[in-house]
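Accompanying notes for the structure given below.
The values are calculated or read from the model by the stated rules, or taken from the named source; none is laboratory data. Remember, it's a predicted structure, so these values are computed and weren't measured experimentally. When we count neighbours, we look across all protein chains shown, and the Cβ atoms used for this are built from the backbone with ideal geometry, even at glycine. Just so you know, the surface numbers come from the protein's heavy atoms only, side chains and all, with ligands and any DNA or RNA stripped out. Shrake-Rupley method; radii C 1.70, N 1.55, O 1.52, S 1.80 Å.
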Amino acid sequence: MDRFFELSARGTTVGREVRGGVTTFMAMAYIVLLNPIILGGAADVTGARLSVPQLTTATILTAAVSTLLMAVVGNAPFGLATGLGLNAVVAYQAAPHMTWAQAMGLVVLEGLLIVLLAVSGLRQLIMNAIPLALKHAISVGIGMFIALIGLVDAGFVAPGTGTPVQLGTAGHLSGWPVTLFCLGLLLMIVLYVRRVPAAILIAIVVTALAAVAVDSVARVDPASWGVVVPRLPEAVVAAPDFGLLGQVDLFGGFARAGAVTATVVLFTLVLSGFFDAMGTIIGVSDEAGLVDERGRVPRLGAILTVDGVSGAIGGLAGASAGTVFVESAAGVGEGARTGLAALATGGLFTLSLLFTPLATVVPAAAAAPALVLVGALMMTQAKNVPWDDLSLAIPAFLTIAIMPFTYGITNGVGAGVVSYTVIQAALGRGREIPWLLWVVTLVFTVYFGIGAVEQVVS
């Protein structure tokens, strides 16, 4: 095991990896409930809706198979599951114009295209062409992004009345869920700074148990908990329903929706899946200390290939595209450094196929503190950005700021790349920019103007 997963070489232990893997699972287990809500709430062009039990099984299956593949092929501490944002594209951009089988066919094509980019080496070349300063900025931006995700999921931050965001749902903090979030976050911080082993995992479990106890006696409004209401399930074991597995029409979407519409959907899926995962891999690997002095990630080709395969797996399972999850940073914060952590995460997802009711126990109030704490830890990468060099500082700042402000990793990466290229060219350094970065800049320019492009071509 030590040789296969390179435990000693990466300065880790079996116990630390398992703890990290369990923590990653708990931080991303919400997708088991959230993905069926997003996809199940939409109808396709025929008015058909997907079964929530079948979507739950498909979501778990995608996460289990993809994460186990990452463990044994990529040897990286990444959990994979159906990507948020990608599932919204499928539900609200693809499904209104085609059947679910045809939409999932586009998802499979997206995964295959990303695999092709990875196997050809082009995806790795693109990642290596991004300047080191921007890679550090991506880490910081992801830290801010996942911290905001945690704050929003917990109800600490909410859409504002008169302002874009505000403190709590009514301009102030109230209610048991946000109170437990604050207490859980403080507990997690105290345990972590005192270097208590499994600090993040302990805090999540303690807060989840407290939430179950509070909900049982305080008559808390179920909607205030978010997606997961912390109640003990009536049954522990439930049979999985694989009814969506293999329900795929690869090219039917082009005939049903038209070549332009289907191509735009496919382009959006590929670009979002490509750069969201790229940003996450760079950021989490940087936090884990796996990036070398040139900003390169070990076994990157294998990692990128598995990420692409995960996209195709999600389509075949009927769950939308799978991708690397930024919540993997929670496990890294607990000490995960190798694929053994992913093996633990994937193993827990596999068990979840039979124990789906247990996924309803851990609320956002218990898991969200891990995202906030890890966000703070990832902010330390800001010290590696040369802030005294404006030609690098400005793109780095845009990368960091736009990720949380637009709720998208791809948006931040795109803003950083485009601004970096423009600034370098304005300073007369255009010939120093790798040609591949010029191509990426052009792609992101099209991405940011996709609305205008759609109008022109249609």
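Points worth noting:
- Nearest-20 debye value, the range 188-271 charge dipole, Cβ charges on Lys, Arg, Asp, Glu: 360 debye
- Summed side-chain charge close to PHE275 - residues other than PHE275 whose Cβ falls under 14 Å, Lys, Arg +1, Asp, Glu -1: -1
- Heavy atoms of the protein chains alone define the surface here; on that basis the range 175-235 has 57 Å² accessible area per residue at 1.4 Å probe size.
- In the context of the full protein assembly, SER224 retains an accessible surface of approximately 60 Å², using a probe radius of 1.4 Å and ignoring ligands and nucleic acids.
- When the alpha carbon coordinates of the range 1-100 are projected onto the principal axes, the ranges are 55, 21, 19 Å, largest first.
- Near the amide H of GLY79, within less than 5 Å, lie the amide hydrogens of PHE325, SER328, all on another chain or at least 5 residues away, with H placed in the peptide plane.
- Protection-proxy order for peptides 287-299, 100-112, each taking the mean of Cβ atoms within 10 Å per residue, highest first: 100-112, 287-299
- 3J(HN,Hα) along the range 260-275: 5, 4, 5, 5, 5, 4, 5, 4, 5, 4, 5, 5, 5, x, 5, 8 Hz, from the Karplus curve 6.51 cos²θ - 1.76 cosθ + 1.60 with θ = phi - 60°, whole Hz, x for Gly and Pro.
- Solvent-accessible area, 1.4 Å probe, carbon plus sulfur percent, for the chain: 67 percent
- Kirkwood Rh (inverse of mean 1/r, distinct Cα pairs), the range 160-217, angstrom: 12.8 Å
- The residues of the range 343-420 have, on average, 36 Å² of accessible surface per residue, using a 1.4 Å probe with all protein chains present.
- Two-site label geometry, ALA213 and ARG431: point separation in nm, points 7 Å out along Cα→Cβ: 7.1 nm
- Three-way shape label, the range 21-174, alpha-carbon gyration tensor, a/c 1.5: oblate
- Spin-label pair TYR92/ARG299, simplified geometry with 7 Å Cα→Cβ offset, distance in nm: 3.7 nm
- For the range 266-316, accessible area per residue (1.4 Å probe, heavy atoms of protein chains only), Å²: 27 Å²
- Label-to-label distance, nm, for residues given as VAL14 and THR380 (7 Å Cα→Cβ offset): 2.8 nm
- Taking every DSSP helix (H) stretch of at least 4 residues in the chain, weighting each as -39,500 (n - 2.57) and dividing the sum by the residue count yields a mean residue ellipticity at 222 nm of -20000 deg cm²/dmol.
- Local net charge near ARG256, Cβ-Cβ under 11 Å (Lys/Arg +1, Asp/Glu -1): -2
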